[in-house]
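Structure, as C-alpha cells:
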Amino acid sequence: MNTLIAAVYFSVMMLALDSSPDAQKYWPQWRGPAANGVALHSNPPLQWSEEKNIKWKIEVPGKGLSSPIIWGDMVFITSAIPTGKSVSSSQESSGRGIPPSDELDFVLFAISRADGKIMWQRKAVTATPHEGTHNDGTWASHSAITDGQHVFAHFGSRGLYCYDMQGKLLWQKDFGDMSTRNGFGEGSSPALHGNTLVVNWDHEAKDFIIALDKSTGKELWKANRDEPTSWSTPLVVMHEGKPQVIVSATNRVRSYDLATGTVIWECGGMTMNPIPSPVHADGVVYVTSGFRGSSLQAIDLAGAKGDLTNSPAVLWKHEQDTPYVPSPLLYKDKIYFLKVNSGILSCFDAKTGQEHYSRQRLEGIATIYASPVSAKDRVYLTSRDGMTLVIKHGPTFEVLASNKLDDNIDASAALVENEIYLRGRKFLYCIAEKS
C-alpha cells in the first residue's frame, strides 16, 4: 500500500465510531472500528486448532448469534437463556421458522480477555418471544456496541438496554414488537456516532429509524420508513464534515442526516431480504444483497442528493454472485464478497469495479453466515462448520492456512491486538499465538 493510499485509508478509519485511539485499537461494534471488517492495528494468529493457540475456550450459556465486541480487558456478548418454563403448546410460529416455545432470560455478558472468566452478567429482561425465528437463528442475534463508557445491548422486541462498564443499568427503551417476514426473526445491530445511537426498525408493520441520546435514551429524532423486513445494520459515515447514516433495504438504500433525520439521498436496486451491512471508504459507499437476485453498487457520496437510482452517482455495479447473509469486506483498495451463503469468493478493485478474481471456490468451506474480517494483509473466512480459511490480501488468490474448530460458527469474528475471538453455537474462543 503506497503512502497516499495508506493516509487516506487511515483517515477513513478514524471517521468511524469514535476518533479516539482506543476505539481504533479495540473492536467496539459489529464489524469492527470502521464497520468494514478491518482491524488496522491487529496482528492475529495465522494458524490454530483445538490443540494449538487456544488462549481460552468457555461454554456460553443459552443461544446467541451476536458477534463479540471488545473494549479494554472485556469481551461483550449477548445470549438468550431458557428459564425452563415453556409456553402453551397452542402458541405457534407466525412463519416458517422455529416457533417460540420457551421463556428466556435475555442476558449481556462481560467476559475477561485474560482468562475467559465472566466478570459480570446482567439479565436485561425475562420474556417469551411473541413470534418465531429462522431455523438457523436465535433470539439474541443483535451485536452489542460500546464507546468505552457505555455498552448497549439490543434485544429487538425485548428492548434496548444501556449499561455502564461495571454493569449498572443506566436506561432502557422499548420499541414494541416486530413482525418479521416469515417469522424469520430479528438481527439488525445499533450504530453509534458521537452522542447519537441509531436503531433501524424495518419489519412487516409500521417501521422507522430512530436516533437516541446515548447517555439518556432520549429520542433525538424519528423518521418513518416504508420497507419490508430488513436485517442490515446502519452505517454512519462522515462526508463533507457532516455525519450521515446509511441504511440498506429492499425498496431503497437511504442516507439520513444524523443530526435531523432528513433524507439526503436514496437509491434503488437492492434485492429482497437485505442482510449485508454497507461499507464505506474514500467517499464511496458499497451496498450488497443477494436473495433472489444479486446486487452490488458503489455509490459516490460527492454531491449525492435526491434519487440516485441509475444515475452517475452509481460509479459501478455488479449483478452476479453477491452475498445473502455475509457482509462484504472492504480492505484497502479491494472489496471481497461471497456468493449467497456459499464458499465461493470474489475480489474486485473497489474504485473501478474491475474483477481481480471471481467464483473462487474455498476449499473445505461449504456454507458461510459469518462476515469476512481482515488484518495484516490477511483475510479470514469462517464457515458454519468451524473452518477458517486464511488467504493473502491481494489481486490473486492464495491460501495461507486452514484452521478447524469443533464448534459450529455463524457469528462474525472479532480481531484485537494479537487475538481472534470466535463465537460458536456452544463456545467462545480466544485464539492467540502461544509464546
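FYI, it's all coordinate maths here, none of it is from the lab. Predicted, not measured: the structure shown is a model, and the values here were computed from it. Note that each Cβ is placed from the backbone with ideal geometry, even for glycine, and that neighbours are counted across all protein chains shown.
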Nearest-0.05 FRET efficiency for Lys404 and Ser311, computed from C-beta distance (R0 60 Å): 0.85
Helix-only mean residue ellipticity at 222 nm for the chain, each DSSP H run of n ≥ 4 adding -39500 (n - 2.57), per residue, nearest 500: -1000 deg cm²/dmol
Rounded to whole Hz, the Karplus (6.51, -1.76, 1.60) HN-Hα couplings of the range 111-125, x for glycine and proline: 10, 5, 5, 5, 9, x, 6, 6, 7, 7, 9, 10, 7, 6, 6
quick note, the chain, DSSP beta bridge pairs, % antiparallel (nearest 5) is 95 percent
Out-of-range pairs (alpha-carbon distance over 20 Å; input Lys334/Lys392; Lys168/Lys218; Lys57/Lys404; Lys404/Lys434): none
For a quick check: with amide H placed at 1.01 Å from N, whose amide H comes under 5 Å from Leu400's, ignoring anything fewer than 5 positions away on the same chain? Val390, Ile391, Lys392
Efficiency by 1/(1 + (r/R0)^6): what FRET value for Thr83 and Gln149, r their Cβ-Cβ distance, R0 = 30 Å, to the nearest 0.05? 0.45
Report ³J(HN,Hα) in whole Hz for each residue of the range 146-158, in order, from the Karplus equation J = 6.51 cos²θ - 1.76 cosθ + 1.60 where θ = phi - 60°; Gly and Pro get x. 9, 10, x, 10, 10, 10, 10, 10, 10, 10, x, 5, 9
Return the distance in nm (one decimal) between the two label points of a simple spin-label model at Ser215 and Glu363, each offset 7 Å from Cα along Cα→Cβ. 5.6 nm
What does the charge count near Thr196 come to, summing +1 for each Lys or Arg and -1 for each Asp or Glu among other residues with Cβ under 10 Å from its Cβ? 0
Per the C-alpha gyration tensor (a ≥ b ≥ c, the square roots of its eigenvalues), the range 152-274 is rounded if a/c is under 1.5, else prolate if a/b beats b/c, else oblate; here it's oblate
For Leu170, project a label point 7 Å along Cα to C-beta. Then give me every residue of the range 200-214 with its amide nitrogen under 14 Å of that point. 212-214
Which value in nm describes the separation of the simple spin-label points at Asp257 and Glu319, placed 7 Å from the Cα toward the beta carbon? 3.4 nm
Specify the residue with the greatest mean-square fluctuation among Ala80, Ala366, Ala281, computed from a Gaussian network of the chain linking alpha-carbon atoms under 10 Å apart. Ala366
Counting only GluC sites (Glu not before Pro) that sit in a DSSP loop (anything but H, G, I, E, B) with at most 11 other Cβ atoms within 10 Å, what is the longest stretch of the chain containing none of them? 52-239
Counting only residues 5 or more apart in sequence or on a different chain, those whose built amide H sits under 5 Å from that of Arg225 are Asp207, Phe208, Ile209
Which residues qualify? For Thr128, with a placed amide H closer than 5 Å and at least 5 residues away or on another chain, they are Leu104
Report the full-extension gain for the segment Lys376 to Glu50: residue separation times 0.36 nm, less the Cα-Cα distance, to one decimal in nm. 115.0 nm
Would you mind finding the longest exposed-site-free stretch of the chain, with exposed trypsin sites (Lys or Arg not before Pro) meaning DSSP loop and at most 15 other Cβ atoms within 10 Å? 1-95
Label-point gap, in nm, between Phe397 and Asp177 - each point 7 angstrom along Cα→Cβ: 4.6 nm
